[in-house]
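In what follows, a single structure is set out as structure tokens and then discussed.
What follows draws every value from the coordinates through simple rules; no lab data is involved. Remember, it's a predicted structure, so these values are computed and weren't measured experimentally. In this analysis, Cβ positions are derived from the backbone assuming ideal geometry, glycine residues included, and neighbour counts consider all displayed protein chains.
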Amino acid sequence: STRYDLYRVLHAALCLFAICSEAIVSELHKRISSAFDVFDHESNHTVDVREIGTIIRSLGCFPTEAQLHDVIAEIEEEEPTGFIRFERFLPTMSRILLEHRFRPVPEDLLLQAFEVLDQQKRGHLDPEELTRYLTQEGEPFTQEEMEEMLSAAVDPDKNLIFYKDFVSVMTVDDPW
Amino acid sequence: MGCGSAKPTQHNQNHKLQLKKSMRSALLIQRWYRQYVARLEMRRRCTWNIFQSIEYAGQQDQIKLYNFFGFLMDHFTPASSERNLISHIFRENEVFQDVEWEPYFCYKSIEVPDTYAGPHLTFPLTVSNITELVEAFKHKEQLHARFVLQLLGETWRLLRVLPNITEVSTCHSKEITICGDLHGHLEDLLLVFYKNGLPSVETPYVFNGDFVDRGKDSIEILLILFAFQLVYPNDVHLNRGNHEDHIVNLRYGFTKEVLGKYRLHGKKILKLLQKIFSWLPLATVIDQKVLILHGGISDTTDLKLIAKLERNRCRQAVKSKGPGGQYSDGEGDRYSAAGRRRVRSLTHSNPATARHELQRRSLQAYSIRTSPNVEEELRERRRWAGLSASYERIHDPISSDSDPDSGEVLETDAEEWKQIVDMLWSDPMLQDGCIPNEVRGGGCYWGPDVTQEVLNRHNLCLLIRSHECKQDGYEFCHNRKVLTIFSASNYYEVGSNRGAYIRLGPDLNPHVVQYQASRSTRELTLRQSVGRTERSALRALREQLFAHKSDLISAFEEYDPEHTGVISMERWAVATETVLHLGLPWRVLRSQLVGCSTQEGMINYNDWFRELALMDPNKELAHTGLLETMYRHHSNLETIFRIIDTDHSGLISFEEFRQTWKLLSSHLKMEISDKAISDLALSIDFNKDGSIDINEFMEAFRLVDCSNGATRLMQLTSTESLYHTS
């Protein structure tokens, strides 16, 4: 009879888990749907493929460009139309979120990354140095991306990037 | 064969390691930053949707209001005072020929005092006149009414001899510059002139409509454009926009601006502008290949027909629709929330062949009850009768008094009117086809197949249009066959969008130049501009929410039968959309609109309303019950005031004030008691002679942002100013 009790408890636990996960999944679907809708300009459950990166990132993910391309390849039509349908986006995005793929960059790691670039350990970087790194290494920035970052990062009086301050300003609590 | 000593290899290895580390670091930084930018983009897009939704909802409102007036016009006894009040929107009381207007608009009797320090214009205008004018406006000076009327008079004379469609060629390797909507943004026009050069024989321009409304320098823009056109009539071309329409101006600020700047002669100026607007050309064609017009096209667009019609007969477009158009009426017409663009096509009731007399009723009777059958009938009759109301036959003075019941509608008139409205009001859509544009209430949505067909039919290669605000100032669509160009930067708010203009050379390849006028010399970073626009949008949204308070509370209470005062976030979102019909992502916006939540995703909605907004301390008005109506319908209210203010004095009497509310209450099909109206009137300071200043009254009811919002604003700006101190 203890075995029977065990089965009952297990069964109850599974049901509970199913209910919870159903609620979780439902909540997830709504979040994904809301984000998708913002770019669904024609209200026909499709978005331009070029907005997918924005949508995925706005849901809290931090993919690299390469990872993004992989996801897009997965959700595109067999014959790419330039549009992504919600029916294909939803399951993939749900999985991504449930698996916690493309985790965020924590502030301390970000700071370390800047410190690595600051080889002389001065506590700041020249705009030219940073530009060189970010437009030539990794997944290079476009000129526009670089300019936009510099406009926020460079101290106009000293023409230097005090990256510690920059990082803390940029990671201030975002209301969204 | 050695590769060198041990030390260099070690150095190489360290170097390689460093390279690897820096590459990984760069990748990390890039990954992080791109996510940050994406979140900002999401916020910006949401903000944009808010502004657009509210704007389109406002336009819908306007259509309904004018449709209502049209209805009133048809069904009130000729003697009724209400009818007289609004009769001059739809009828031209004066039936003079154009040439008989000239003495009325004569400027000669207007004296220019010695104290006037602004520019003095001499006619015919010279280049130095214009540069003097531009300089004066840069310094916020105002042109004297005498010169305004003189300049407008000359413009009117010029426009009357211009064809409906202007043909331009890029001979002599001239590049033509094309500007889109300016909407009273003088600084944008000046910026374009600065970047691109003043209009001249070497620098021809096309201005594609919507010069006025919304911005605060509409009259100055008009004066500059008209002046340039007078001096360079072969090189400066103007197309009419949907805002070059005196009815639209009543609502969107141009009328108010002119009356404010020209207290004595404003009315005359507006009247003359009414004529000028109707005489503005409708389109420009470059090298017979590129078509430029303000709104767009439809599947029936026919340039041959357009070239032949009498454009000045279409004074206003916003009215009841004729055959082939759509009729939207009252509350039954709320469009599907899921998309402002999604259209529910209205099917007409079976075409009425019998036109029997309908009992004429007084306003009083109407506000009490209307039967559905009667509504149907009236709708039908208005469809047929409405045309003659605004597409007037100037040569037939009798028409303004024609009985709508017996009016014969000529098919050709209907066709011509539709051509014009389609050109000025339509928007492109991504799907094929052509459907009525119910969001705007006029024109249509047209698809890429229609573009293809119309361009082919007319042997054209490109359509350039404006009419829609774009974040980058321009946008291609329909396989790059359609180009939207919008020249008013910061249209919704500082930082909301860029403006742009087009340079077009003999190769007819459009080259776009973007810009953004900024009030301070410092450029806003992406984060700052998004933040600022966002705050503005949210403020506007909060006003809408507050204005619909009782409907929202009813909707919430349906989900809260036990009156706990609390509902789930999910239900909050659903109920809000049901009431407001703005098609906005309420779940995404929730965190920005609901501060006072929430244990486990629940919201106390009464607390929420308390937090939403504080208004100007006019708390006595809370008793009148009219407060909410005030907020929700303040645009309509202001429009009605201005219509009633027939002498454009900016003042109305108490009786007129009362009649305004009565009109509004009929339109809204709600009861507003005389007592409520008198209470409202009593709470306002009247001028000694018992009149109400419209501007003061409207100002008193602007929502003031709550203190929470203000503190958050301060917090954000202080963090942002870490690197950018002004």
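Listing for the model above:
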item	result
Share of pairwise Cα separations in the stretch B:99-255, more than 30 Å, in percent	13
Distance in nm between pseudo-label sites at B:R539 and B:R457 (7 Å out along the Cβ direction from Cα)	4.7
Shape category assigned to the stretch B:170-326 from the gyration tensor of Cα positions, a/c cut at 1.5	oblate
DSSP-defined antiparallel bridges as percent of all bridges, the stretch B:425-520, nearest 5	70
Length added when fully stretched, B:H15-B:D607, from 0.36 nm per residue minus Cα-Cα	206.9 nm
Full-stretch length increase - A:A73, A:V9 - with 0.36 nm per residue and alpha-carbon distance subtracted	18.7 nm
At 1.002 mPa s and 20 °C, Stokes diffusion of the stretch B:226-275 via Kirkwood alpha-carbon radius, µm² per second	177
Qualifying lysines (Cα of each under 16 Å from Cα of B:K304; at least 8 residues distant if same chain)	B:K289, B:K418
Loop sites in the stretch B:101-151: trypsin sites (Lys or Arg not before Pro), DSSP, at most 12 other Cβ within 10 Å	B:K108, B:K140
Percent breakdown of C-alpha pair distances by 10 Å bin, ordered from the shortest bin, for chain A	8, 26, 25, 21, 12, 5, 2, 0
In nm, spacing of pseudo-spin labels at A:T92 and B:S678 (7 Å Cα→C-beta vector)	7.0
Evaluated at q = 0.08 Å⁻¹: base-10 log I(q)/I(0), Debye formula over Cα of the stretch B:461-613	-0.38
At R0 = 56 Å, FRET efficiency that the Cβ-Cβ distance of B:E562 and B:T126 yields, to 0.05	0.10
Fraction of the pair-distance distribution of the stretch A:55-132 above 20 Å, Cα-Cα pairs, percent	50
Set of lysines near B:K108 by C-alpha distance (under 22 Å), chain-local residues within fewer than 8 positions excluded	B:K261, B:K267, B:K268, B:K271, B:K275
Per residue, the convex hull volume that the Cα atoms of the stretch A:1-69 enclose (Å³)	122
Debye log10 I(q)/I(0) at q = 0.11, 0.21 Å⁻¹ for the stretch B:183-272, Cα point scatterers	-0.31, -1.03
All-pairs Cα distance distribution in the stretch B:196-238, expressed in whole percent, bin size 5 Å	6, 24, 30, 23, 12, 5, 0
Residues B:M429, B:M569, sorted so that the one with the fewest Cβ neighbours within 10 Å comes first	B:M569, B:M429
Eligible lysines near B:K669 by straight Cα distance, threshold 30 Å, same-chain separation 8 or greater	B:K64, B:K256, B:K319, B:K321, B:K549, B:K619
